[in-house]
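The values are calculated or read from the model by the stated rules, or taken from the named source; none is laboratory data. Being a predicted model, the structure only gives us computed values, none of them experimental. We place every Cβ from the backbone using ideal geometry, glycine too, and count neighbours over all the protein chains shown. Just the protein is used for accessible areas: all its heavy atoms, side chains included, with ligands, DNA and RNA removed. Shrake-Rupley method; radii C 1.70, N 1.55, O 1.52, S 1.80 Å.
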Amino acid sequence: MANKEKLFTEFQAPTTQEWLDKIEVDLKGADFQKRLVWRTNEGFNVQPFYRREDLENLKTPDALPGEFPFVRGNKKDSNEWYVRQNITVDDPKEANKKALDILNKGIDSLGFKIPGNLVSKETVETLLDNILCDIVEVNFSTCPRHSLELAEILVAYFTGKGYDKEKVVGSIWFDPMMKMVMKGKDVTPLLELGPKLVETLKEYPNFRCIAVSTDALNNAGAYIVQELGYALAWGNEYLQQLVDAGVDVDLAAKSIKFNMGVSENYFMEIAKFRAARLLWAQIVKQYEPKCDCACKMIINATTSTYNQTLFDSYVNLLRSQTEAMSAALGSVHSMVVTPFDAPYEKATDFSERIARNQQLLIKEEAHFDRIVDPSAGSYYIEHLTDALATEAWKIFLKVEEEGGFLAAVKAGTIQDDINATNVKRHGDAAKRKEFLLGTNQFPNFTEKSEGKKAVSACCCGNSENSECSENSEIKKISSTRLAADFEDLRIHTEETKVPVAFMLTIGNLAMRQARAQFSCNFLACAGYKVIDNLGFKTVEEGVDAALEAKADIVVICSSDDEYAEYAIPAFKYLSVNSLKILISMQASRLRMVPSGLKTMVS
């Protein structure tokens, strides 16, 4: 016991240069920058490894939980967040019944989506019957024109119930600028309601009423840095408007709530929430609030719909689970997990239960709620936090130079930026530069749509024929899910004729298997029926088998050197039978296009 020598003291710590020298040897002449450095879509590069020295000039590792600039979260003693589920209110009694039911199943935050024509004292009383608003977080969204009326009704209801005003936690979704961004409708006059809303709810310090809804940008395909940069500009626009209208800066800042999306980029999403709090705290600080607590950023995170798929929809659970983990580790205030069947149907009881349990799993079994900012000190995540903050700040400054978020929206520059990203991402998915598991990579060969059709909704979550469906007056963001092009192609294939593609595997064992796997994957993305094979001794044997299988397409799968030997006789034999022959080449030379398939011939 007297020997207290530290472990590993006999090993000398290698320097960064020694690591690089070793990597260079292992690369055997390959370019380090091309092979190992990740060039992100966010505007910065990520190195293959980081060391303590990489953090020497960063400020984020010095921050403490619950203290300005809140990069490490708003709490000191836990990482607790609200488990939220949204309810569309068609019938207030049924909505209340559902709310009471899910409150017994792990939910502690409710989001009621109320049509404008249903906003009334009776609706609120019915919705909140037997719900303790000083224990459960209650959130409401409605048409912005009815938000002030709703706020007045809620204040009267809370007062009548005698709730402690400090204990009422929740929000009203009031975000006219989202309607401008997403629907192209100029609703500038509605912005005048903002200060009145804040004044109405000023005695409820934990009930926020001004929303920044960048989850809409996330669901339109925005890159992480775009969502972050525009969130800051969006929030600052509202804050400036409130202060200019005479609202106290502390009250104004405490009235703003951020609704942000979460995409599948696990570590970068964790860093996004850390960077968001850091930058927002710095912005609010410039308004000279009386208390640093006004600089806290309150975030409700919602898992993305942009990467959800109609086919192989259970894979959506994998995507939303990692997204939920990112949000939790990023220390958000509350979270909504989007049900896996959202692309093609109204959520069922089963899909909603699974969505709830996805949060409960990481909370009650993985204990993500116990540790404050567990990613702190990670060389990688600290680097991502700083890099995202740097790039997002550039976007923020650019918007400010254009006159602020509202001016930029009216000019259409923000919409153009997001639309361009969406087009690029769809192009990358078409070329399989961006993977969607189960869609453009490793699709389920035998799955059929079984009548499933993609559903659409407007920015407010209502149907497209609702009061929100108005003609565009300014540019708007137009987007579809990333998988939509492939889904349309597969459904079209189902509705016309499903071609049968036969893999004529021959020759070199390793090459024929690799190319058959690639070709099956490639053709199945379009809904083709594929028949794989272990291998044939002769071309004639393979051709006969293809004819017996009644194939429409025969794909020769072999090595480059052997194609000259096999392709010509196969072509001559098959051409007599009017069959198409494809030659499977290197995967890098084949690309999927949403409108069809390129012929696989070198």
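Details
- Antiparallel DSSP beta bridges within the chain, as percent of all bridges there, nearest 5: 10
- Unit charges at the beta carbon, dipole of the chain: most positive-side option, VAL372, VAL500, SER109: VAL500
- Here the extension length gained between ASP544 and ALA407 equals 42.5 nm, from 0.36 nm per residue of separation less the Cα-Cα distance.
- At full extension, ALA13 and LYS424 could sit 143.6 nm farther apart than now, given 0.36 nm per residue minus the alpha carbon distance.
- Cα centroid separation, the stretch 34-107 to the stretch 312-369 (Å): 13
- Residue-span extension gain [TRP38 to SER478] - 0.36 nm each, minus C-alpha spacing: 155.5 nm
- Set LYS105/LYS161; LYS257/LYS394; LYS59/LYS167 screened for pairs whose C-alpha atoms are more than 30 Å apart: LYS59/LYS167
- Pairwise FRET efficiency - GLU56 versus LYS6, Cβ, R0 = 22 Å, nearest 0.05: 0.40
- Sparsely packed loop sites in the stretch 100-177 (the GluC sites (Glu not before Pro) outside DSSP H, G, I, E and B with at most 12 other Cβ atoms within 10 Å) comprise GLU166.
- Distance (nanometres) between label positions extended 7 Å along Cα→Cβ at LYS97 and ASN206: 3.1
- Close amide H partners of GLN441, meaning residues 5 or more places away or on another chain with modelled amide H under 5 Å apart, are LEU436.
- D (Stokes-Einstein, µm²/s), Kirkwood Cα radius, the stretch 298-376, 1.306 mPa s at 10 °C: 123
- Kyte-Doolittle at least 0.0, axis length at least 20 Å by Cα - qualifying DSSP helices, the chain: 147-161, 224-244, 266-285, 315-329, 509-524
- Kirkwood hydrodynamic radius (C-alpha pairs) into Stokes-Einstein, the chain, 20 °C and 1.002 mPa s, D in µm²/s: 80
- The eigenvalues of the Cα gyration tensor, multiplied by 5 and square-rooted, give the stretch 1-80 an equivalent ellipsoid with semi-axes of 32, 27, 10 Å from largest to smallest.
- Percent of Cα pairs exceeding the 19 Å cut-off, where the set is the stretch 67-175: 46
- Sites LYS453 and ASP349 - FRET efficiency at Förster radius 25 Å, r taken between beta-carbons, to 0.05: 0.75
- Among the GluC sites (Glu not before Pro) within the stretch 356-450, those in coil by DSSP and having at most 11 neighbouring Cβ atoms inside 10 Å are GLU450.
- Helix-derived mean residue ellipticity, 222 nm - over the chain, DSSP H n ≥ 4, -39500 (n - 2.57), to 500: -13000 deg cm²/dmol
- Of the solvent-accessible surface of the stretch 392-436, computed with a 1.4 Å probe over protein heavy atoms with every protein chain present, carbon and sulfur atoms account for 60 percent.
- All lysines inside 20 Å of LYS572 as judged from Cα atoms, apart from same-chain residues fewer than 8 positions distant: LYS537, LYS550, LYS580
- Per-residue packing, averaged as other Cβ atoms within 10 Å, sorts the ranges 16-27, 478-489, 509-520 into the order 478-489, 509-520, 16-27, beginning with the highest.
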